[in-house]
Amino acid sequence: MDFITNYYFDFGVMGDEFSRVLDGFWLTVKLSIISGVLSLAWGLVLAVLRQLPGRALAPVRWLTIAYIDVFRGVPLLLVLLLLSGFLSAAQFEGVIPRELGLPTWFGETSPFWWGVMGLTLTYGAYMAEVYRAGIEAVPRGQMEAARSLGMNHGQSMRFVIVPQAVRKVIPPLLNDFIALMKDTSLVGILGALDVVQVGFDVQTEQINGSALTLGALMFLVITIPLARLVDWLIARQQRKTERGGGPSAGTSGDVEPRPAGPPATGMAGA
Amino acid sequence: MLRLEGVHKRFGDLEVLRGIDLDVAGGQVVCVLGPSGSGKSTLLRCINLLEPPDRGRILLEGREITGKTTADDRNYVRRRVGIVFQQFNLFPHKTALENVSLAPQKVLERQGAEARGKAEALLDRVGLSDKINEYPERLSGGQQQRVAIARALAMDPHVMLFDEVTSALDPELIKEVLDVMRELAAEGMTMVVVTHEMGFAREVGDQVVFMDGGVIVEQGGPAQVLDRPREERTKRFLGLVLER
């Protein structure tokens, strides 16, 4: 029993390694925020590309769908390994500039930036699907109203559809952000000293897992409040919908028209 | 002003419009009546190219807007043809004022202050000067529909289309919307109005068109079509409506 508590909760180890673990966690936070923001933007770009209208743009839609399918369908670790391997090999061979293959922007290491790229490529695909659900949940009449006012497709998306869609999907996007934050731990395999890697190093050196436990606690300090925030946002949205005062009340097709005129003799709404 | 020649539209196997000919002179109000599924709404949606017709021609101020149209053509049409929908379709994330001033700013590239000034004047005209900063969810159906009319007018349309704009409203809210439309007609706006409001058609309509099964069954002055219909189908329809 003592062995178990000592292995996980050795306060001596925690105290000695605290600043090292905290440095690792700071790297995890930076990695999460930069990748999170880039994924949000990249995901939105993908979602909008996927919704482009017209036959001429069908190839763009197909390519976007293929991209999303591939990156949602393969493990992030595999993406990270392939990407970092390719970039370092390509700069070594002179195929791409050294600054791109071994990036050290803003004083961060190459593994850090490879991680940002891999996380963004993968989570952009996840988030694109979330945005798509939001875009499709905006009533069709909104696009028609915008177009009938002379706005083109791009303007209608930018000023009418996307702002409404984003509001609807903030909770699932935050859920994806929580998942992304946890997945930053995979970047350790490329050599980044994130909180999990630091904790693992300590465990290997001292045969004691307390630094990892400490890292877990640091994660929870962020992820639990975020999860509660998601719950709260969802509950708030539900309340709005239930009392009928939701953002789309009276403007969507869910308002039953007053039966006016003669009984329907054919297809309604034609 | 607006001329339709043999307009056809089908959705899959369903032929919704089967050859519509219609002439609307400048300043005229044409009221379109007919049972559900007769193609009235589709007709309006064809006129502003939300649903491009499959066959036939539509001319707006002498210029053909059907056939091979580019995105620019469609946007040209939609700037000149305003439409108001049954379900209002206001932008829920924007205030009444922003709903009205958005398209003029983005499409006509009017300056913010100018577009807002004009939007305020339009909202005043539809009797909502005290609601300019409200979001749609805080407005009644009648108020929302009046904002929607102001929003369409903000683009300075030459023709206004009304698609059963009072059908989703509680009975006591219908009049306030019809009053705005009456005023608009009196000011000389060219209007095509799909409606079940017989009183409005009789009073405001210069022409009444009765549609059924994707064709125009009968058209003429309101007194002629509503009081002395020649066609059996028109009589039956009017009988059903007036029984209520």
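Among A:Ile96, B:Met191, A:Phe200, whose Cα projects farthest towards the positive end of the dipole of the protein assembly as shown, with charges put on the beta-carbon of Lys, Arg (+1) and Asp, Glu (-1)?
Checked the options; the winner is B:Met191.
Need the C-alpha centroid separation for region A:193-223 versus region A:17-48, integer Å.
18
Rounded, prolate or oblate: which fits region A:142-249, taking a ≥ b ≥ c as square roots of the Cα gyration tensor eigenvalues, rounded meaning a/c under 1.5, else prolate when a/b beats b/c?
Taking the square roots of the gyration eigenvalues as a ≥ b ≥ c, region A:142-249 is oblate.
Mind jotting down the distance between the C-alpha centroids of region B:200-216 and region B:49-88, whole Å?
21
Treat each spin label as a single point 7 Å out from the Cα along the C-beta direction, and report the A:Ala179 to B:Arg182 distance in nm.
5.8
Quick one: work out the % antiparallel among DSSP beta bridges in region B:50-198, nearest 5.
Counting only bridges with both partners in region B:50-198, antiparallel ones make up about 20 percent.
Using +1 on the beta carbon of Lys and Arg, -1 on that of Asp and Glu, and nothing else charged, what's the dipole of region A:9-96 about the Cα centre, debye to 20?
On the way: 6 positive and 6 negative charges, 147 e Å.
Dipole about the Cα centre, nearest 20: 700 debye.
Return the average number of partner chain Cβ atoms within 10 angstrom of each residue Cβ along peptide B:157-170.
Mean partner-chain Cβ count within 10 Å for B:157-170: 2.
Where in chain B lies the longest segment free of GluC sites (Glu not before Pro) that are both loop residues by DSSP (not H, G, I, E, B) and have at most 16 other Cβ atoms within 10 Å?
Answer from the scan: B:1-60.
Can you say what percent of the DSSP beta bridges in the protein assembly as shown, counting only those with both residues inside, are antiparallel? Round to 5.
Just about 55 percent of them are antiparallel.
Under the rule of at least 5 residues apart or a separate chain, name every residue whose amide H is placed under 5 Å from the amide H of B:Gly56.
Close amide H contacts, sequence-distant or interchain: B:His8.
May I ask you to evaluate 6.51 cos²θ - 1.76 cosθ + 1.60, the Karplus curve with θ = phi - 60°, for each residue of region B:42-49 and list the ³J(HN,Hα) values in order in whole Hz, giving x for glycine and proline?
Values per residue, Gly and Pro as x: 4, 4, 4, 5, 6, 5, 9, 6 Hz.
Could you tell me which residue out of A:Trp62, A:Phe106, A:Phe25 lies farthest along the dipole of region A:1-146 toward its positive end? Charges go on the beta carbon: Lys and Arg +1, Asp and Glu -1, centred on the Cα centre.
Farthest towards the positive end: A:Trp62.
Rounded to the nearest 20 debye, what is the charge dipole size of chain B about its Cα centre when +1 sits on each Lys and Arg Cβ and -1 on each Asp and Glu Cβ? Kindly include the intermediate steps, with their values, before the conclusion.
On the way: 33 positive and 37 negative charges, 95 e Å.
Magnitude of the dipole: close to 460 debye.
If each residue of separation counts as 0.36 nm, what is the full-extension length gain between A:Gln238 and A:Arg55 once their alpha-carbon separation is subtracted?
On the way: separation 183, 0.36 × 183 = 65.88 nm, distance 3.76 nm.
So the extension gain works out to 62.1 nm.
Distance in nm between label sites at A:Leu82 and B:Val241, each 7 Å beyond Cα in the beta-carbon direction?
Reported label-point gap for A:Leu82 and B:Val241 is 6.3 nm.
Rounded, prolate or oblate for chain B? Axes are the square roots of the Cα gyration tensor eigenvalues, ordered a ≥ b ≥ c, and the cut-off for rounded is a/c under 1.5. Don't jump to the answer; show the numbers that get you there.
Details: a/c = 1.94, a/b = 1.32, b/c = 1.47.
Oblate.
Report, in deg cm²/dmol and to the nearest 500, the calculated mean residue ellipticity at 222 nm for chain B, where each DSSP H run with n ≥ 4 adds -39500 (n - 2.57) and the sum is divided by the residue count.
Only helices count here, giving -11500 deg cm²/dmol.
For region A:116-132, take each phi angle, set θ = phi - 60°, evaluate the Karplus expression 6.51 cos²θ - 1.76 cosθ + 1.60, and give the result in whole Hz per residue in order, putting x for glycine and proline.
Working through the residues one at a time gives 4, 5, x, 5, 5, 4, 6, 6, x, 5, 4, 5, 4, 5, 5, 4, 4 Hz.
Students often get this wrong, so check it: of B:Lys40/B:Lys175; B:Lys106/B:Lys131; B:Lys118/B:Lys175; B:Lys9/B:Lys106; B:Lys9/B:Lys40, which have C-alpha atoms separated by over 20 Å?
The pairs that break the limit, which is 20 Å between Cα atoms, are B:Lys40/B:Lys175; B:Lys106/B:Lys131; B:Lys118/B:Lys175; B:Lys9/B:Lys106.
Could you work out which residue, out of B:Gln207, B:Gln224, B:Gln145, moves most in a Gaussian network model of chain B, that is, has the largest mean-square fluctuation with Cα springs under 10 Å?
B:Gln224
Nearest 500 deg cm²/dmol is fine: what mean residue ellipticity at 222 nm does chain A get from its DSSP H runs of n ≥ 4 alone, each adding -39,500 (n - 2.57), divided by its residue count?
My calculation for chain A gives -24000 deg cm²/dmol from helical runs alone.
Let me know the charge dipole size of the protein assembly as shown about its Cα centre in debye, to the nearest 20, where only the beta-carbon of Lys, Arg (+1) and Asp, Glu (-1) is charged.
1180
Which of rounded, prolate or oblate describes the protein assembly as shown when judged by the alpha-carbon gyration tensor and an a/c cut-off of 1.5? Before the final figure, lay out the partial values.
Values: a/c = 3.03, a/b = 2.44, b/c = 1.24.
Prolate is the answer for the protein assembly as shown, as a/c is 1.5 or above and a/b outweighs b/c.
Please grab the % of Cα pairs in region A:1-98 that end up more than 16 Å from each other.
76
In whole Hz, with x marking every Gly and Pro, tabulate ³J(HN,Hα) for region B:194-205 from phi via Karplus 6.51 cos²θ - 1.76 cosθ + 1.60, θ = phi - 60°.
These are the phi-based 3J(HN,Hα) values: 8, 7, 10, 8, 5, x, 5, 4, 5, 7, 9, x Hz.
Just grab the label-to-label distance for B:Leu14 and A:Ile207, each label 7 Å out from Cα along the Cβ direction, in nm (one decimal).
Each label point is offset 7 Å from its Cα along the Cβ direction, giving 7.6 nm.
Averaging sequence separations of C-alpha pairs under 8 Å and six or more residues apart, then dividing by the length of chain A, give the relative contact order as a whole percent.
RCO, chain A: 28 percent.
Rule-based calculations on the coordinates, nothing more; no lab input. Keep in mind that what you see is a predicted model, and the values were worked out from it rather than measured. Quick reminder, even Gly has a Cβ in these numbers, built from the backbone with ideal geometry, and neighbours come from all protein chains shown.
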